[in-house]
Number of protein chains: 2
Amino acid sequence: MTSIELDHDLIREGLSEEEIRALQPEVDRCHQTLTQGSGAGNSFLGWLHLPSRTADKPLADIEQVARELSECSDALVSIGIGGSYLGARAGLSFLGKGAEGGMEVHFAGHNLSTDHLADLFDHLEGQDVCVNVISKSGTTTEPALAFRLLRQWLIARYGDREAARRIVVTTDREKGALKQWADAEGYRTFVIPDDVGGRFSVLSPVGLLPLAAGGVDIRALMEGARQQEALALATSAFERNPAALYAAIRHGLRKKGKTIEILATFHPAFHYLQEWWKQLAGESEGKEGQGLFPASVEYTTDLHSLGQWVQEGPRNVFETFLRLAAPGRRIEIPTLQNDPDGLNYLAGQTIDHVNDQAFLGTRAAHLEGNVPNMTITVARRSPAALGALFYFFEYAVAMTGYLMGVNPFDQPGVELYKKNMFRLLGKPGQGKG
Amino acid sequence: MTSIELDHDLIREGLSEEEIRALQPEVDRCHQTLTQGSGAGNSFLGWLHLPSRTADKPLADIEQVARELSECSDALVSIGIGGSYLGARAGLSFLGKGAEGGMEVHFAGHNLSTDHLADLFDHLEGQDVCVNVISKSGTTTEPALAFRLLRQWLIARYGDREAARRIVVTTDREKGALKQWADAEGYRTFVIPDDVGGRFSVLSPVGLLPLAAGGVDIRALMEGARQQEALALATSAFERNPAALYAAIRHGLRKKGKTIEILATFHPAFHYLQEWWKQLAGESEGKEGQGLFPASVEYTTDLHSLGQWVQEGPRNVFETFLRLAAPGRRIEIPTLQNDPDGLNYLAGQTIDHVNDQAFLGTRAAHLEGNVPNMTITVARRSPAALGALFYFFEYAVAMTGYLMGVNPFDQPGVELYKKNMFRLLGKPGQGKG
């Protein structure tokens with residue numbers, strides 16, 4: 001089962017079923033706009049059919065290169081930021097270690113932290129290492145700096161020729177500094193499709209190569225995504241398209257003054273999927289004064305932190321729970337003589353069972369505190385479920401953007417800080433700092 | 001230097017200097033309420049003087065036990081949730097590894113994740129281990145379950161008597177299940193003061209023992225906190241009490257419709273300090289419909305994720321930056337022949353320099369996008385700076401709570417989900433699920 005279930009519980013402060021139904025015609029129109037490619041940002045709709053239109057050959061090429069890299073390396077450093085970082089990281093953290101035959105995958109180029117880089121270099125000592133640098137232009141500051149340093153490290157370790165064999169580049173088909181550089185040095189390259197924006201690129205080589213290197217079955221991943229694509233594109237009727245329903249409810253709640261969406265989980269494995277979702281939602285919707293603030297919590301940890309605020313703070317918030325239907329490993333609670341902590345009533349139960357009752361208790365408590373909620377349930381931590389989740393959120397966020405009346409595929413606001421930074425750094429042609 | 005500097009830049013969408021000055025009398029009143037102990041929650045003001053009133057003996061006792069534990073152990077597992085978890089974790093993550101003579105410190109009991117526990121047990125194989133369980137009552141589900149499992153593991157490994165020697169309990173002075181259990185088994189105990197609530201307890205044995213075990217100089221930490229205490233309690237005049245000014249601005253911005261505070265850093269080392277702050281602020285202020293939503297971001301990572309939203313989304317937000325004045329380690333940017341990525345203009349500069357220009361560029365860009373900001377600068381990642389930061393935020397959040405008209409020291413909303421959960425789990429005396 002790769003299907004994703006969506007429940008919602010919006011009584012009191014949220015939307016009525018009637019109000020939800022009233023959104024169907026608007027959703028139908030946006031679905032048409034999206035699937036016919038007639039809306040804003042329509043030159044970036046390549047993600048819409050990536051699962052169904054990615055042929056066998058490109059997948060086999062990725063698998064082949066991942067295999068070759070793992071034959072000579074203990075660890076891959078995946079260099080990228082934003083959409084060239086979060087998708088692969090989300091996938092590897094969701095699936096957990098122990099993916100068969102996979103390398104350790106480390107990430108770099110997603111910040112300017114000296115500590116992060118220094119710790120990474122410390123860690124790589126004594127390991128055989130390869131690098132996948134992922135950048136459309138090759139000139140984005142963070143990944144370009146990290147690549148400079150890691151390439152220098154590889155050359156010092158292995159010499160020019162062997163270093164070149166250990167570097168794989170994911171970049172533009174023909175333009176850009178990184179493409180030119182790769183051609184000059186003879187690095188192997190994979191292509192970032194022109195019509196796929198960064199935050200929608202996880203199911204392209206951007207995400208697939210580091211995932212494959214980490215041991216993920218990328219064919220199962222793509223098959224899960226393909227099933228979700230078929231579901232989402234077949235109809236926008238709420239009862240058969242939970243992603244459309246999720247989008248509609250988000251939009252409806254936003255119009256009712258719910259300005260913060262908390263994506264909540266009871267499983268730390270979802271952590272980077274939450275981070276991936278924050279970029280997807282925040283960058284797609286946060287423009288022209290629109291957009292839900294995308295926040296995330298990890299319960300039960302954060303019930304002892306933000307739980308008070310969620311229960312009794314301002315009522316400008318709703319929760320979307322990410323739930324796992326089937327647990328992973330199993331830990332049973334032991335019996336103790338004399339019951340010193342009063343927990344013998346749980347003896348013989350599993351930690352997972354207690355965790356799921358905490359989820360049910362929390363959802364009900366927060367609803368009673370006037371926090372509407374939705375619950376997205378996936379079967380298990382499998383590549384197929386992961387692929388389905390990626391596509392589910394991509395479709396839903398694109399849909400929400402159109403419902404909000406913005407272009408979900410641009411990011412006009414991310415240039416200003418760079419312009420300021422380049423001026424301060426004295427970049428040629430940027431004026432004085 | 002342990003002093004904390006606070007800058008603000010609130011022009012345009014924020015508060016005027018005049019509006020800030022107008023808040024001084026209200027702040028003065030709340031300062032009196034706080035320091036005279038005449039306000040709501042005044043039986044929980046023990047944190048106010050912890051730095052100045054903690055004598056040498058209790059610190060020496062903590063250091064002694066930390067030393068004894070580290071003589072027989074490679075790793076300490078610190079078991080706790082909420083305020084019995086986040087303070088020590090924040091401190092150890094802020095100061096980074098390499099604290100002299102410290103053990104590895106792991107955390108448990110802060111969630112109900114089977115994966116987390118199973119990974120921890122895997123990791124502990126082959127290590128010598130001790131445990132510090134931190135719980136006022138001893139019956140909070142998460143830490144109590146983790147302690148059951150870890151105690152069982154210790155007994156299986158070492159036998160009853162040696163296991164008991166490796167368990168240290170931080171709990172109530174005389175009441176509660178854990179205190180009784182500790183007395184019966186002969187565990188060493190430290191006391192959680194009656195007048196210090198969980199989220200304000202990091203400078204008590206709750207935080208100090210795991211910090212000392214991790215190699216932190218807790219005397220330097222307390223001295224930094226003591227200097228901050230002296231500053232904060234001497235006067236509430238904005239020009240000499242930056243914590244009071246921070247509280248006033250937060251309150252003023254909240255009244256102007258800024259409902260989300262983003263605590264932003266450019267250094268991953270601040271990650272768990274941000275999490276600690278989220279509990280401190282969220283749980284103290286989020287009640288009776290009040291309270292800023294406390295969010296956190298790690299830039300530059302999140303500039304490629306939430307940056308678009310912050311720049312151009314709804315203007316219901318302000319940013320508080322956590323800045324480090326002095327960098328830690330040093331990585332220099334190399335020159336490349338032919339400048340293939342166009343970054344030679346940075347050659348010879350450090351990564352930290354680029355990071356700080358990214359900070360300055362971001363702050364200016366977001367201000368131009370009508371996001372008011374404050375900047376909290378600390379000198380370096382030292383125990384003294386950490387102690388000062390802890391106290392700074394404790395005072396500021398208590399002050400903000402009083403300004404908002406709520407009791408900053410209770411948490412009435414955290415019981416409901418537990419009640420639901422206990423019913424679902426069939427806890428005796430809770431009714432049927």
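Scanning the stretch B:147-171 for residues being within 14 Å of chain A (Cβ to nearest Cβ) and either outside any helix (DSSP H, G or I) or not β-branched (Val, Ile, Thr) (or both) gives a total of 15.
Scanning the stretch A:72-125 for residues that are without any contact (Cβ under 8 Å) to a residue 12 or more places away in the chain and of a type in the set (Asp, Glu), which turns out surrounded by the most Cβ atoms within 10 Å (Cβ to Cβ)? The selected residue is A:115.
Report yes if some residue within the stretch B:45-62 is within 16 Å of residue B:214 (Cα to Cα), β-branched (Val, Ile, Thr) and touching a strand residue (DSSP E or B) at 6+ places or on another chain (Cβ under 6 Å); otherwise report no. Can you show your working first?
First, pick out the residues of the stretch B:45-62 that are within 16 Å of residue B:214 (Cα to Cα): B:59-62.
Among the residues that remain, those that are also β-branched (Val, Ile, Thr) are: B:62.
Next, from what is left, pick out any that are touching a strand residue (DSSP E or B) at 6+ places or on another chain (Cβ under 6 Å): none.
For the stretch B:45-62, residues within 16 Å of residue B:214 (Cα to Cα), β-branched (Val, Ile, Thr) and touching a strand residue (DSSP E or B) at 6+ places or on another chain (Cβ under 6 Å): absent.
Residues that are touching a residue at least 60 places away in the same chain (Cβ under 8 Å), within 7 Å of chain A (Cβ to nearest Cβ) and not in a loop (DSSP other than H, G, I, E, B) within the stretch B:281-310 comprise just one, B:283. Taking the conditions (1) more than 21 Å from residue A:341 (Cβ to Cβ); (2) within 14 Å of another protein chain (Cβ to nearest Cβ) in turn, residue B:216 satisfies each one other than (2).
Let's see how each residue does on (1) outside the structural domain of residue A:86 (by TED's automatic domain parsing); (2) out of contact with any Ser or Thr (no Cβ under 7 Å at 6 or more places or on another chain); (3) open to solvent by 10 Å² or more (accessible area, probe 1.4 Å); (4) of a type outside the set (Phe, Trp, Tyr):
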| site | (1), (2), (3), (4) |
| --- | --- |
| A:132 | no, no, no, yes |
| A:146 | no, yes, no, yes |
| A:156 | no, yes, yes, yes |
| A:163 | no, yes, no, yes |
| A:167 | no, yes, no, yes |
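For the stretch A:236-244, does any single residue satisfy the condition of being over 28 Å from residue B:307 (Cβ atoms), outside the structural domain of residue A:129 (by TED's automatic domain parsing) and in contact with a strand residue (DSSP E or B) (Cβ under 7 Å, 6 or more places away or on another chain)? Yes, there is a match, as at least one residue in the stretch A:236-244 is over 28 Å from residue B:307 (Cβ atoms), outside the structural domain of residue A:129 (by TED's automatic domain parsing) and in contact with a strand residue (DSSP E or B) (Cβ under 7 Å, 6 or more places away or on another chain). Out of B:269, B:244, B:248, one residue alone is surrounded by fewer than 24 Cβ atoms within 10 Å (Cβ to Cβ) and farther than 15 Å from residue B:375 by Cβ. It is B:269. Please find, among A:60, A:55, the residue that is small (Gly, Ala, Ser) and open to solvent by 50 Å² or more (accessible area, probe 1.4 Å). Unique residue meeting the criteria: A:55.
Looking only at the stretch A:1-28, residues that are over 14 Å from residue A:249 (Cα atoms) and surrounded by 21 or more Cβ atoms within 10 Å (Cβ to Cβ) come to 2 in all. Condition check: open to solvent by 10 Å² or more (accessible area, probe 1.4 Å), within 14 Å of another protein chain (Cβ to nearest Cβ) and assigned to a helix (DSSP H, G or I). Does residue B:254 satisfy that? Yes, satisfied. Within the stretch B:169-184, the set of residues being without any contact (Cβ under 8 Å) to a residue 12 or more places away in the chain and open to solvent by less than 10 Å² (accessible area, probe 1.4 Å) is empty. Scanning the stretch B:29-40 for residues that are open to solvent by less than 20 Å² (accessible area, probe 1.4 Å) and farther than 20 Å from residue B:228 by Cβ gives a single hit, B:39.
Name the one entry in B:347, B:358 that is closer than 27 Å to residue A:177 by Cβ, touching a residue at least 12 places away in the same chain (Cβ under 8 Å) and at the interface with chain A (Cβ under 7 Å from one of its Cβ atoms). Outline the logic, then answer.
On the way: B:347 fails: at the interface with chain A (Cβ under 7 Å from one of its Cβ atoms).
Just a single option satisfies the conditions, and that option is B:358.
In the stretch B:18-47, the residues that are modelled with pLDDT under 95 reach residues that are open to solvent by 60 Å² or more (accessible area, probe 1.4 Å) with C-beta atoms within less than 9 angstrom, at least six apart or across chains, in these pairs: B:19/B:256. Six or more apart or on different chains, Cβ atoms under 8 Å: show the pairs whose first residue is in the stretch A:246-257 and over 11 Å from residue A:15 (Cβ atoms) and whose second is outside any loop (DSSP other than H, G, I, E, B) and among the hydroxyl-bearing types (Ser, Thr, Tyr). Once the first residue is over 11 Å from residue A:15 (Cβ atoms) and sits in the stretch A:246-257, its partners that are outside any loop (DSSP other than H, G, I, E, B) and among the hydroxyl-bearing types (Ser, Thr, Tyr) give A:246/A:320; A:247/A:395; A:247/A:400.
The values are calculated or read from the model by the stated rules, or taken from the named source; none is laboratory data. This one's a predicted model, so the numbers in the text were calculated from it and none came from an experiment. Every residue, glycine among them, receives a Cβ derived from its backbone with ideal geometry; neighbour counts consider all protein chains shown. Calculation scope for accessible area: heavy atoms of the full protein, side chains included, ligands and nucleic acids excluded. Shrake-Rupley method; radii C 1.70, N 1.55, O 1.52, S 1.80 Å.
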